[in-house]
Amino acid sequence: MDYILEGLSAALRLLFNLNPEIREIALLSIMVSTSSTLIASLLGIPLGFVVAHYDFQGKGIIITILNTLLSLPTVVVGLLVFSFISNQGPLGNLELLYTPLGIIMGQTILALPIVVTLSLNVIKESEDKIIDTALSLGASKKQAMILLFKEVRFGILGAVITAYGRVIGEVGLSMMVGGNIRRVTRTLTTAIAMETSKGEFGFGLALGIILMTIALAINLVLHYFQEVRT
Amino acid sequence: MRTKKMAILVMVMVVVTVVAQTQVSEAGLLDIFRGDDGEEVERLILATTTSTENSGLLEQLIPAFEEKYSYRVDVVAVGTGRALQHGRDGDADVLMVHAKPAELRFVENGYGVNRKEIMYNDFVILGPKNDPANIKGTTDALEAFRTIAEEEATFISRGDNSGTNKKELGIWEEAGIDPSGEWYQETGQGMGSSITIADQKDAYILSDRGTYIAFRDKIDLEIVSEGDEVFYNLYGVIAVNSDKHPDVNFEGAQAFIDYLVSEKAQKIIRDYKMDGERLFNPLKL
């Protein structure tokens with residue numbers, strides 16, 4: 001019980017005093033997660049469209065693989081990225097280990113299957129209906145496509161929100177690839193893990209509350225865009 | 001019209017990233033992403049154990065070094081086993097660890113050079129207040145471990161190849177016991193998490209004194225055995241060999257080692273206290 005009260009009051013104090021180190025940590029978290037979600041979206045949405053729209057051999061297998069990747073543990077992706085960007089790895093000379101760029105790379109890999117599968121599903125669901133209707137009403141193929149995009153963009157935004165939630169809350173990968181280096185790669189989640197291991201449960205909880213507050217704010221913004229029509 | 005909204009959203013995300021970046025530091029975006037802060041300083045990666053970082057000592061030691069030399073020390077806190085692995089892979093420039101036999105092997109195999117012993121503290125056995133194995137006050141570590149095994153009192157092991165774990169396994173071996181059974185439980189986690197688990201389970205555990213002092217107010221466990229020679233906990237620092245990994249910051253590592261054995265750093269170690277107790281004892285004063 002003590003920890004919970006201690007955490008709440010510590011969170012309020014940290015938020016109001018704007019402790020510069022905490023602010024840096026929070027901003028780095030936002031920066032890294034936003035970048036990786038953005039990259040994953042730019043790659044994943046077109047990819048989802050291609051897989052949904054075109055018929056080709058092995059499509060079923062690709063969808064199954066993508067769905068399986070959804071349950072990829074963050075620490076496995078961390079291990080994978082680590083072994084690629086470690087000095088011994090094939091990308092070793094890029095010196096990405098223990099940098100925010102390395103974390104972004106890993107988080108993009110985490111977010112990508114989410115963006116692809118979820119946008120693929122929404123496109124697949126409404127594709128036949130909308131395109132058939134549009135074509136039968138005399139629209140050109142191009143017009144039908146534009147209509148489809150307009151219809152599915154809210155579902156796709158939902159995919160982006162889900163991906164964002166996955167990356168801002170993950171700790172395994174950031175810890176492994178980033179190394180939780182103070183003022184360089186320490187994010188909210190790795191800081192929480194560290195404070196917990198130091199026995200500073202109240203402080204850890206306080207950071208957790210800050211993380212939730214950020215997630216809430218970001219979701220409110222995204223939902224504004226998603227529901228602006230209704 | 002709606003696509004415009006999407007474009008705005010993408011722009012908002014980009015702006016958030018850039019604004020967040022300017023708040024973090026005045027360096028360029030790419031610099032931050034690459035882990036530079038844009039100043040003309042070289043990066044020195046120190047792989048060390050969680051106990052040294054969690055103790056807060058490094059935050060006292062490093063600023064004076066960074067002021068004097070143009071290096072920025074990036075601390076990666078992992079267990080001793082992983083820190084040595086980082087050294088073997090060339091993923092760190094300098095190591096501060098506590099497992100002398102493994103360190104010597106590391107140097108012998110050519111992975112590290114210029115190993116220096118900088119400080120020591122000691123391990124203690126923690127146990128529940130009611131002391132089910134009845135070992136309170138035993139100064140003989142082997143005796144204490146044997147009794148725990150005979151009584152099959154719950155014992156929490158780190159099980160993570162850390163320096164503390166290596167020490168614990170060494171004591172079992174010396175006591176002639178192969179610990180196994182329901183009473184012997186491995187957490188695979190750091191010192192702090194493992195102490196918390198031992199506390200919840202009313203179990204015995206081997207801990208370094210520093211972490212115990214940091215946790216003392218939060219747990220019911222207390223010291224049941226201390227003072228044996230085998231509890232000696234020696235911290236060494238090693239530069240990663242640039243013959244094996246030409247990319248490592250060897251000059252920085254040498255400078256850091258020279259600094260750690262200097263009078264200035266040794267005095268910082270001597271004077272560093274938590275709850276009024278000294279955590280590490282300097283070896284070069």
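Reported to two decimal places, what Rg/Rh ratio describes the stretch A:114-217 when computed on Cα atoms with Rh from the Kirkwood expression?
Value, to two decimals: 1.27.
Both radii come from the Cα set of the stretch A:46-135: Rg as radius of gyration, Rh as Kirkwood radius; their ratio Rg/Rh reads 1.14.
Build a GNM of chain B with springs between Cα atoms under 10 Å apart, and of B:Leu221, B:Leu104, B:Leu46 the one that fluctuates most is B:Leu104. Helix content alone sets the calculated 222 nm mean residue ellipticity of chain A: runs of n ≥ 4 DSSP H residues at -39500 (n - 2.57) each, divided across all residues, give -26500 deg cm²/dmol.
Computed log10 I(q)/I(0) for the stretch A:116-159 at 0.15, 0.24, 0.29, 0.33 Å⁻¹: -0.34, -0.74, -0.95, -1.10, from the Debye equation with unit scatterers placed on every C-alpha and solvent omitted. Percent of C-alpha pairs per 10 Å bin in the stretch B:58-181, short distances first: 10, 33, 28, 19, 9, 1.
Between A:Leu72 and A:Leu43, the simple label model (points 7 Å from Cα in the Cβ direction) yields a spacing of 0.9 nm. Using all pairs of distinct alpha-carbon atoms, the Kirkwood hydrodynamic radius of the protein assembly as shown works out to 25.4 angstrom.
The amide H of B:Tyr184, built 1.01 Å from its N in the peptide plane, has B:Phe155 as neighbours under 5 Å, considering only residues 5 or more places off or on other chains. With the helix formula -39500 (n - 2.57) applied to DSSP H stretches of n ≥ 4, chain B reaches a computed 222 nm mean residue ellipticity of -13000 deg cm²/dmol. Computed from the C-beta positions of B:Lys244 and B:Glu152, the FRET efficiency with R₀ = 56 Å rounds to 0.75.
Dipole size of the stretch B:73-128 about its Cα centre, with +1 on Lys/Arg Cβ and -1 on Asp/Glu Cβ: approximately 160 debye, rounded to the nearest 20. Counted over all Cα-Cα pairs of chain A, pairs farther apart than 22 Å make up 59 percent. Placing unit charges on each Cβ (+1 for Lys and Arg, -1 for Asp and Glu) gives the stretch B:102-246 a dipole about its Cα centre, and among B:Thr196, B:Gly112, B:Ile135 the Cα reaching farthest toward its positive end belongs to B:Gly112. What the phi angles of the stretch A:12-27 give under the Karplus curve with 6.51, -1.76 and 1.60, with θ = phi - 60°, is a coupling list of 4, 4, 5, 5, 7, 7, 6, 2, x, 5, 4, 5, 4, 4, 5, 5 Hz, glycine and proline written as x. Can you give the net charge of the other residues whose Cβ lies under 15 Å from the Cβ of B:Arg88, counting K and R as +1 and D and E as -1? Result for the neighbourhood of B:Arg88: -3.
Measuring r between the beta carbons of B:Asn130 and A:Tyr3 and using R0 = 25 Å, the FRET efficiency lands at 0.50.
In terms of distances greater than 23 angstrom between alpha carbons, the cross-link table entries A:Lys59/A:Lys129; B:Lys100/B:Lys218; B:Lys100/B:Lys129; B:Lys167/B:Lys267 yield B:Lys100/B:Lys218; B:Lys100/B:Lys129; B:Lys167/B:Lys267. Please average, across the residues of A:192-201, the number of beta carbons from any other chain that are within 10 Å of each residue's own beta carbon, and give a whole number. Per-residue shielding by partner chains comes out at 6. The ellipsoid that matches the Cα gyration tensor of the stretch A:1-66 has semi-axes, each √(5λ) in whole angstrom, of 44, 16, 7, with the longest given first.
Here chain B yields Rg over Rh of 1.07, to two decimals, using C-alpha coordinates and the Kirkwood radius. What FRET efficiency would be calculated for the residue pair B:Arg270, B:Ile223, taking the C-beta separation as r and a Förster radius of 22 Å, to the nearest 0.05? Once the sixth-power term is evaluated, E becomes 0.45. Residue-wise HN-Hα couplings along the stretch B:243-260, as the Karplus relation 6.51 cos²θ - 1.76 cosθ + 1.60 with θ = phi - 60° gives them from phi, are 5, 7, 10, x, 7, 5, 7, 6, 4, x, 4, 4, 4, 5, 5, 4, 5, 5 Hz; Gly and Pro carry x. Compactness of the stretch B:211-285, taken as the C-alpha radius of gyration over 2.2 N^0.38 Å, stands at 1.50. Each residue of the stretch A:88-95 was assigned a 3J(HN,Hα) from its phi angle through the Karplus expression (A = 6.51, B = -1.76, C = 1.60, θ = phi - 60°), giving 7, x, x, 9, x, 6, 7, 6 Hz with x at Gly and Pro.
A simple spin-label model places the labels of A:Leu18 and B:Val107 5.0 nm from each other, with each point 7 Å out along Cα-to-Cβ.
Each value in this text was obtained by applying a stated rule to the coordinates, not by laboratory testing. None of the values given here were measured: they were computed from a predicted structure. Here Cβ is always computed from backbone atoms with ideal geometry, including for glycine, and neighbour counts include all displayed protein chains.
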